[in-house]
Structure formats: C-alpha cells, structure tokens
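Notes to accompany the following structure.
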Amino acid sequence: MIPNQWYAVLSSKQLKSKPIGVIRMGEKMVFWRDDQGKVSCFPDQCVHRGVQLSRGKVAEGDRLRCPFHGLEYDVTGRVQCIPSNGRTAPVPEHFKIKSYPTHEAHSFIWIWWGDSPPEDLAPPRFFEDYDEDKLCSAEVIDPWDVHYSRVLENQLDTIHVPFVHTDSFGRGERYVCDGPGFQWLDEDMFIVQPTYHVEDGTIAKKSEDLQMPLPKDQKLEFIFPNIWQNYITEKMRIIAAFVPVDDTHTLLYARVAQGFVQVPVLKKFMSLSMVPLVKHILKQDRVIVNTHRHKASQLRSGEKLVPGDKPVIEYRKRRAALIEAAKPGSNET
C-alpha cells in the first residue's frame, strides 16, 4: 500500500450505531460513530488487555467502551475512564491508542493511512462532476483474492475487454485498441479513453498519437490511491473503490449510478436492475485476475508489456514514486 494517503475503506451504510471490526491495510481496525454521527477509527485492540474494541459499544454519547473492563476511549484514542479505578480517578497518559484521521463524503468512509498527518490535511478528492442528488446508485461489494493494485489495474486495462467480456460490452470482435488515449489531469489524477476496431491489417495507434481528450463522452478516470470512475454519460457511470484488506485480499466497492429515471419509486429500481450485469462482468474479471502470480503490481516485475498497457505503466510509475516519497528521509513531496 502507498503510505500517507486517503483510502476509501467502507461504505457509509455499513457503519450504523454499533462499532464494527474489519481488516483494512492488513490491520484489524474498529470503526464507530459518536452521537453526532462522526466516524472514528482505531486499531481493534484495547491497550489494557488487548481484546477487540469492536465488541464493545458507544457510551456517554462520544466514547467507545471496551467490552472487557469498560475502559472508555474518546475520539482521539485517549482513555478517559478506567471504571475499576473509579470514574474520577486520573488516567495515565500512556493509556492511549492510535486514532486514524477519518473523512466521510459521497457515501464513503476514508482513513488517512500513514504517520504524522499534516496539520493542514486536506479532505480526500472525488470526481467533481458526480452529483449524488442527481444520480441514484446501487452498490456491489465484491471480494477478490489478490492485492488491490491488481484489481485496480484491471479497471485501467482496456485491451482485455474483447477477450474477457465477449458476451457484453466486449462483443463484436473489435480486437484492436488504438491507444488507449491517456492524459494526466494533475499529478494524482488521469483519464483513459479506449477506441476499438475490427482487425483490418492496420497497426494500432499508440497513445501519444491520439489527441486527448477524444471526442466522445466515455472515459475512465482514476484518482490516487484507490478511486475510479467509468464515466459513460452524464447520467450513467460506475464508481469503484479498490479497498485493501491485506496483501492478498481486496474488496471492490462498485456503484452503478444513473440519472435517467428520477421518479422516486422507480429510480432505485432502475439502478438495482443494472446490478446483475455488473456482478457478471466483475466475475469475468475476477476469475482471471485472481490467477496473477505476483502479489502487488510493480514497475519492474518481469512482465512483458505492450503499448496498450500505457495506463498500467503510468499507474505503476506514479505508485512507485509515491511509495519512494513516503520513505523516511525522502526529500520528495
């Protein structure tokens, strides 16, 4: 995983009034809401005897209470009360647990995964043209048995489409992929636009031969470290978060969003009606991607890449640079 980044790790609807324990970034974590609905995240282990805090409950409105001996944590991870000592007894300073910075927006919960977040930590980015008030979505949570970078790269890989998705959007024997078109919008966001045609004896154009953006609506957009959008039209997209569980497991949160139908009774039904197709497409990808022999993707992995792998190559370059910049003593920003 790339340190010092905001990662979308949960859907907002997964976290209600009770704490939940999950594995993210290879760590056991507990997520909980205070009485104002604000999300907090700690390692799922009490500092006292090491039991799971996720088995506890929210007490006093803004504290997480350990289920074993009742220790009460505030949102900063500081223990405010050790009941066996008496509620007014002072608590030693070292009774404190790490608290991950959290942010909730667009029905996702993010954590800042890293050390010493900056004081002026900005919230995570999202797609500026995504309007939840105009787009009704239905969500799929899909487990994969591979590192999240492999799942992510699959959604940037445009040249597999005619061979893996032959019964859906890859049909038609349009095997040749021009480009795909690729453009960095800034240092942490890029777009990809594929164009396919039937084999006619011509050599595929390279990405640098295409004038971006291409004159069509459809595009893939990616924001580091783990948010992706398939922008089909203004009223139709698929949003995905590639959530790292550990080195060999990922949860893909996919949202089908549509704005064609606005009638309250029908708009949710319309979004839900597209879920079976999305599940089918994800399954086609998953059974192949799960066979990768490497864990995380790497810039130099011994794979023999082709011009159509341009988005994957660019992703790997930036990923490697971010990991290098996060190392202690690095002068990069």
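The values are calculated or read from the model by the stated rules, or taken from the named source; none is laboratory data. Small disclaimer: the values here were computed from a predicted structure and weren't measured. Methodologically, a virtual Cβ is constructed for each residue, glycine included, from the backbone with ideal geometry; neighbour enumeration extends over all protein chains shown.
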* Structure fact -> Contact list, first residue from the range 223-249 and of a type in the set (Asp, Glu), second anywhere and crowded, with 23+ Cβ neighbours inside 10 Å, beta-carbon distance below 8 Å, six or more apart or interchain, is Asp247/His147
* To do: Please specify each residue of the range 98-128 satisfying the condition of being in contact (Cβ under 8 Å) with a residue 24 or more places away in the chain and more than 18 Å from the chain's Cα centre (by Cα).
  => Lys98, Ser99, Asp115, Pro117
* **Selection from the range 158-193 of residues that are without any contact (Cβ under 8 Å) to a residue 40 or more places away in the chain, among the small types (Gly, Ala, Ser) and either in contact with a Gly (Cβ under 6 Å, 6 or more places away or on another chain) or part of a strand (DSSP E or B) (or both)** => Gly181
* Are any of the residues in the range 194-209 in a strand (DSSP E or B), on the phi < 0 side of the Ramachandran plot and under 23 Å from the mean Cα position of the chain (by Cα)? -> yes
* Structure fact -> All-but-one check, Arg78 against (1) of a type in the set (Lys, Arg); (2) in contact (Cβ under 8 Å) with a residue 12 or more places away in the chain; (3) crowded, with 16+ Cβ neighbours inside 10 Å, failing number (3)
* In the range 97-109, is there at least one residue being among the basic types (Lys, Arg), over 29 Å from Pro3 (Cβ atoms) and part of a loop (DSSP other than H, G, I, E, B)? -> no
* Count of the range 268-304 residues which are modelled with pLDDT of 85 or more, part of a loop (DSSP other than H, G, I, E, B) and basic (Lys, Arg) -> 1
* To do: Determine if the range 309-330 includes at least one residue that is exposed (fewer than 12 other Cβ atoms within 10 Å of the Cβ), touching a helix residue (DSSP H, G or I) at 6+ places or on another chain (Cβ under 9 Å) and more than 25 Å from Asp133 (Cα to Cα).
  => yes
* Asked: Pairs, please: C-beta under 8 Å, at least 6 apart or cross-chain, first residue at pLDDT 95 or above and in the range 45-65, second β-branched (Val, Ile, Thr) and surrounded by fewer than 18 Cβ atoms within 10 Å (Cβ to Cβ)?
  -> Gln45/Val51; Ser54/Ile20
